[in-house]
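Written out below as structure tokens is the structure these notes cover.
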Amino acid sequence: MIDRILSAIASVAGVGILHRTMDSDHHRTVITFVGDREGVAEGALRGIGKAAELIDLNRHSGVHPRIGATDVVPFVPVRSVTLQDCALIAQTVGKEAYRRFGVPVYLYGVAARQPARARLENVRRGQFEGLRSELAASTARRPDFGGSQLHPTAGATAVGARKFLIAYNLNLATSDVRPANRIARKIRSSSGGLPHVKAIGVSLESRDQAQVSINLTDFEISSIQRVFQAVCQEAERLGTRVSDSEIVGLVPRKALPASLQSSLRLKDFRSDRVFENRLAAYLKQTKRDN
């Protein structure tokens, strides 16, 4: 199924898949792809369409919040493009996704038309099931593109523009999710913790382990190292410890210099998980093929 979605995205000329990450507990796949403005827009649309064709959220569950078969599509500036440019791309993709596939779209991040929707967690509130119920009763939850009903199987999609986000998980040496929940509340910015940090505690049934699942929305203000140290300190205070940590998707080189990698107890991390390394390899292969 995921291979078919990847093929749909990569079917656009000039678009390349850099990486994908899959996890059975989160029941979620993160796909990173690159291209020019027109290419990434069309690639995203083809991915949204194929996901809507293949995925039924009525039969889906996982520990990660979601509102749609394609849950979120963020456009991130890499070269010769600004955040505002990415916001314009997001608006175009949002409008076209609803027109082509009937998938309602919420604009978030820099592309948000409503201030509250700048924060993705506000858009995701209630998830697919709760959002479906609220739409019928509350015009405040209506999407930016779409009406009072979700797509019956594909739900809705959040499309936006943002800086490079780092998805970073810390796994605890316990199966008890309560310490993970307490740590998440302690460190996330919405609870008065570290700035630009979002965090939830989740239970990983396949590993019999609790996890603090984190998004760093500005790693230059709250670094990976700072978050790691804060979680370790709080875990020890609660009578447990961090067994290892993991990066989901790719990470900018600036956020994770080689000198830090061993101290963070990173699980299965390789140099090709650095965004710049993966991009350089893709561009080299493209040049060779041409």
Item to check | Close pairs (6 angstrom Cβ cut-off, 6 or more residues apart or separate chains): in the same structural domain as residue 95 (by TED's automatic domain parsing) and surrounded by 13 or more Cβ atoms within 10 Å (Cβ to Cβ) in region 112-123, among the basic types (Lys, Arg) and in a helix (DSSP H, G or I) anywhere | outcome: 123/117
Next on the checklist: Whether any residue in region 248-257 is touching a residue at least 12 places away in the same chain (Cβ under 8 Å), among the small types (Gly, Ala, Ser) and within 23 Å of residue 20 (Cβ to Cβ) is what I want to check.
Outcome noted: yes
Next on the checklist: Need the failing condition index for residue 180 against (1) outside the structural domain of residue 194 (by TED's automatic domain parsing); (2) more than 22 Å from residue 16 (Cα to Cα), just the number.
Outcome noted: (1)
Item to check | Inter-residue pairs, beta-carbon under 7 Å, first modelled with pLDDT of 95 or more and in region 86-99, second charged (D, E, K, R), 6+ apart | outcome: 89/37; 94/144
Item to check | Of residues in region 27-40 being out of contact with any Phe, Trp or Tyr (no Cβ under 8 Å at 6 or more places or on another chain) and part of a helix (DSSP H, G or I), the one surrounded by the most Cβ atoms within 10 Å (Cβ to Cβ) | outcome: 39
Checklist entry - For residues in region 51-68 being among the charged types (D, E, K, R) and under 16 Å from residue 127 (Cα atoms), which is surrounded by the fewest Cβ atoms within 10 Å (Cβ to Cβ)? => result 59
Checklist entry - Of the residues 104, 143, 74, which single one is in contact with a His (Cβ under 8 Å, 6 or more places away or on another chain) and buried (at least 20 other Cβ atoms within 10 Å of the Cβ)? => result 104
Next on the checklist: If the requirement is being closer than 27 Å to residue 22 by Cα and free of Cβ contacts under 8 Å to residues at least 12 places away in the same chain, which of these qualifies: 229, 233, 225, 209?
Outcome noted: 229
Item to check | Index of the failed condition, residue 175 passing every other in (1) of a type in the set (S, T, N, Q); (2) touching a Lys or Arg at 6+ places or on another chain (Cβ under 7 Å); (3) surrounded by fewer than 21 Cβ atoms within 10 Å (Cβ to Cβ); (4) closer than 21 Å to residue 24 by Cβ | outcome: (2)
Checklist outcome for this item: Taking region 232-290 and keeping residues under 18 Å from residue 167 (Cβ atoms) and among the charged types (D, E, K, R) leaves 244, 246, 253, 254, 265, 267, 268, 270, 272, 273, 276, 278
Item to check | Hey, residue 109 closer than 18 Å to residue 51 by Cα, free of Cβ contacts under 8 Å to residues at least 60 places away in the same chain and of a type in the set (Gly, Ala, Ser) or not | outcome: no
Checklist entry - Mind checking which pairs have a first residue in region 42-55 that is under 10 Å from residue 2 (Cβ atoms) and in a helix (DSSP H, G or I) and a second that is modelled with pLDDT under 95 and not small (Gly, Ala, Ser), Cβ under 7 Å, 6 or more apart or different chains? => result 54/1
Checklist entry - Looking at region 28-52, which of its residues are in contact with a Lys or Arg (Cβ under 8 Å, 6 or more places away or on another chain) and either charged (D, E, K, R) or not assigned by TED's automatic domain parsing to the domain that holds residue 98 (or both)? => result 28, 50
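The values are calculated or read from the model by the stated rules, or taken from the named source; none is laboratory data. Every value quoted in this text rests on a predicted model; they were computed, and no experiment measured them. Neighbour counts run over all protein chains shown; Cβ positions are idealised from the backbone, glycine included.
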